[in-house]
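Taking it in order: structure first as structure tokens, then the write-up.
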Amino acid sequence: MRKESREMPASFAYEVFDKAPYITVSFTRPDGTAYGLPLSLVRTDEKTFYFHCATEGEKLGCIVAHSEVCLSAVSRCTPTIGPKDGSFTLQYKSAIAFGKAEIIADEIEKIEAMRAICQRFLPQHMDAFETSIERSLPRTAVVKITLTAPPTGKRKEYDSNGDEMKYGRMN
């Protein structure tokens, strides 16, 4: 990271991932070219993320060819004028992590992952979960991403005095 003063700990990065409406997952296609797209992921512990998709498609082909992925998210991005120097800048909170993706075959793990996804994005509709699983599980793939190292966070944020809050300073 070029500006180490903006680096934040893993706990901050997890918070960004948990608050972001989507996480961009970058894959490598079988031919070696990059492929990235925003997905709705859920984190179930310190190392594990899940997403669901169709049972065929480019994401799954990428995973079979190259299981390494990169996750990135932004939970805040506010254009602003630098309070001290009047420069055009952004205040932001971001996170990045690297991991290995695998397609889940175990039906119990697939259902538990889908439950976690639904609880994150549609908690008010969990009463319809079982019916939905019965109908859609056979045509749904679930992908597990296991982080290979703790994530890192980064932020640029100003306090009420216009001073940039550096590493470790939360308010």
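Please treat every number below as a calculation from the coordinates, not as lab data. Just so we're clear, the structure is a prediction, and the values are computed from it rather than from any experiment. Neighbour counts are summed over all protein chains in view; Cβ atoms, including those assigned to glycine, are modelled from backbone coordinates with ideal geometry.
Simple point charges give the picture: +1 on the Cβ of Lys and Arg, -1 on the Cβ of Asp and Glu, and for the chain a dipole about the Cα centre of about 580 debye. The spacing between segment 26-78 and segment 89-105, judged by their C-alpha centroids, is 8 Å. Each residue of segment 25-36 was assigned a 3J(HN,Hα) from its phi angle through the Karplus expression (A = 6.51, B = -1.76, C = 1.60, θ = phi - 60°), giving 10, 9, 10, 10, 5, x, 7, x, 7, 7, 8, x Hz with x at Gly and Pro. At q = 0.12 Å⁻¹, what log₁₀ I(q)/I(0) does the chain have when each alpha carbon counts as one equal point scatterer in the Debye sum? For the chain, the Cα-only Debye profile gives -0.63.
When the charge dipole of segment 4-155 is built from unit charges on Cβ atoms (+1 for Lys and Arg, -1 for Asp and Glu) and taken about the Cα centre, the candidate among 27, 66, 114 whose Cα reaches farthest toward its positive end is 27.
Can you tell me the relative contact order of the chain? Whole percent, Cα pairs under 8 Å, sequence separation 6 or more.
For the chain, the relative contact order is 31 percent.
A full extension of the chain between residue 78 and residue 37 corresponds to an added length of 12.6 nm, given 0.36 nm per residue minus the alpha carbon distance.
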